[in-house]
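Notes follow the structure.
The values are calculated or read from the model by the stated rules, or taken from the named source; none is laboratory data. Treat the numbers as computed from the prediction; the structure is a model and nothing was measured. Glycine gets a Cβ as well: all are built from the backbone with ideal geometry, and neighbour counts include every protein chain shown.
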Amino acid sequence: MGAISIRNVVKRYGHGPAALQVIHGVNAEITDGEFIVIVGPSGCGKSTLLRMVAGLEEISGGEIAIGGRVVNDVEPAGRDIAMVFQNYALYPHMTVYANMAYGLKIARVPPAEIEARVQKAAKILELGTLLDRKPRQLSGGQRQRVAMGRAIVRQPQVFLFDEPLSNLDAKLRAQTRLEIQKLHRELGVTSLFVTHDQVEAMTLAQRMIVMNAGRMEQVGTPDEVYTRPATTFVAGFIGSPP
Ligand code: ADP
Ligand code: MG
């Protein structure tokens with residue numbers, strides 16, 4: 001259900017001679033339930049690629065299919081995805097519970113179902129005792145968990161993460177990494193996780209896509225990429241400290 005096909009995808013910003021091509025024909029087949037990390041230096045096109053999968057950015061060429069359905073049109077509402085960003089904007093005036101329930105209310109999910117989904121997400125993320133708090137009464141890590149909770153309650157086929165840990169300090173980052181792994185173990189939802197951090201990529205990925213300057217340099221398990229880098233770029237990037 002949550003398989004993602006990325007076929008020869010191209011992205012240009014702008015039109016005509018002034019257009020800037022930032023993605024140069026990316027191909028990837030992601031199977032249902034896989035945890036894939038897209039890793040590469042800042043500016044290499046990771047967010048652009050993820051935003052195209054999310055339907056937040058027009059595709060200039062090629063094709064993206066989710067669950068067998070081609071989704072080239074910009075139309076995020078029709079996609080069964082949920083995205084977690086680096087800057088998790090929670091509604092400041094709403095409680096943790098209301099923040100997680102809000103999207104479901106808008107989607108007219110019945111109240112009993114909303115209650116059940118929020119409680120389940122709160123259990124997975126250990127937010128049970130914080131449901132009545134407002135965002136300002138939470139730590140950074142707790143806020144990030146609420147942001148993940150909002151994604152979980154939607155029960156999507158695909159989770160998209162765009163550097164969700166980069167605003168956290170080292171200790172919280174490690175802790176949240178474990179939570180994301182637990183989430184994937186428990187729910188088994190296809191996940192695309194973008195980061196510029198090699199260590200984060202190596203820890204989280206079942207397979208990783210290494211990108212450079214809008215191109216895919218290598219796809220493989222962390223072990224394959226580490227022990228048999230396909231290009232000198234990969235060898236240098238993966239081998240160097242974060
Ligand atoms: P990453 O997430 O890997 O840091 P991005 O996908 O954000 O990279 O950006 C890839 C390239 O596309 C960069 O050169 C960036 O400046 C450019 N870019 C991103 N968004 C836009 C935009 N809306 N208009 C023009 N250029 C953009
Ligand atoms: Mg980015």
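Can you report the number of residues in the range 117-143 which are touching a Leu at 6+ places or on another chain (Cβ under 7 Å) and free of Cβ contacts under 8 Å to residues at least 60 places away in the same chain?
Keep residues of the range 117-143 that are touching a Leu at 6+ places or on another chain (Cβ under 7 Å), which gives 117, 122, 124, 130, 135, 138, 140-143.
From what is left, the residues that are free of Cβ contacts under 8 Å to residues at least 60 places away in the same chain are 117, 122, 130, 135, 138, 140-143.
Adding up the residues that qualify gives 9.
State yes or no: is VAL37 outside any loop (DSSP other than H, G, I, E, B) and within 12 Å of ligand 1 (Cβ to nearest atom)? Full working, then the answer.
Values: outside any loop (DSSP other than H, G, I, E, B): yes; within 12 Å of ligand 1 (Cβ to nearest atom): no.
When the stated conditions are applied, VAL37 does not pass them.
Note down all Cβ pairs under 8 Å where the first residue falls in the range 97-116 and is surrounded by fewer than 20 Cβ atoms within 10 Å (Cβ to Cβ), the second is hydroxyl-bearing (Ser, Thr, Tyr), and they're at least six residues apart or on different chains.
Final answer for the pair search is ALA98/TYR91; TYR102/TYR91.
State which residue is modelled with the lowest pLDDT when the search covers only the range 66-75 and only residues that are away from ligand 1 (no atom under 16 Å from the Cβ) and closer than 29 Å to VAL146 by Cα.
It comes out as GLU75.
If I filter the range 166-189 for residues that are over 16 Å from the mean Cα position of the chain (by Cα), in a strand (DSSP E or B), among the aliphatic types (A, V, I, L, M) and away from ligand 1 (no atom under 16 Å from the Cβ), do I get at least one hit?
Looking for residues that are over 16 Å from the mean Cα position of the chain (by Cα), in a strand (DSSP E or B), among the aliphatic types (A, V, I, L, M) and away from ligand 1 (no atom under 16 Å from the Cβ), one finds none in the range 166-189, hence no.
Scan the range 212-228 and report the pairs whose first residue is under 18 Å from ARG7 (Cβ atoms) and whose second residue is basic (Lys, Arg) and surrounded by 18 or more Cβ atoms within 10 Å (Cβ to Cβ), with Cβ atoms within less than 9 Å and a gap of 6+ or a chain change.
GLY214/LYS11
For the range 194-221, which residues satisfy the criterion of being closer than 23 Å to GLU179 by Cα and either part of a strand (DSSP E or B) or among the acidic types (Asp, Glu) (or both)?
VAL194, THR195, ASP197, GLU200, ARG207, MET208, ILE209
Would you please name the residue that is farthest from GLU186 (Cα to Cα), looking only at residues in the range 29-57 that are more than 16 Å from ligand 2 (Cβ to nearest atom) and either of a type in the set (Ser, Thr, Tyr) or at pLDDT below 90 (or both)?
Applying the filter and picking the extreme gives GLY55.
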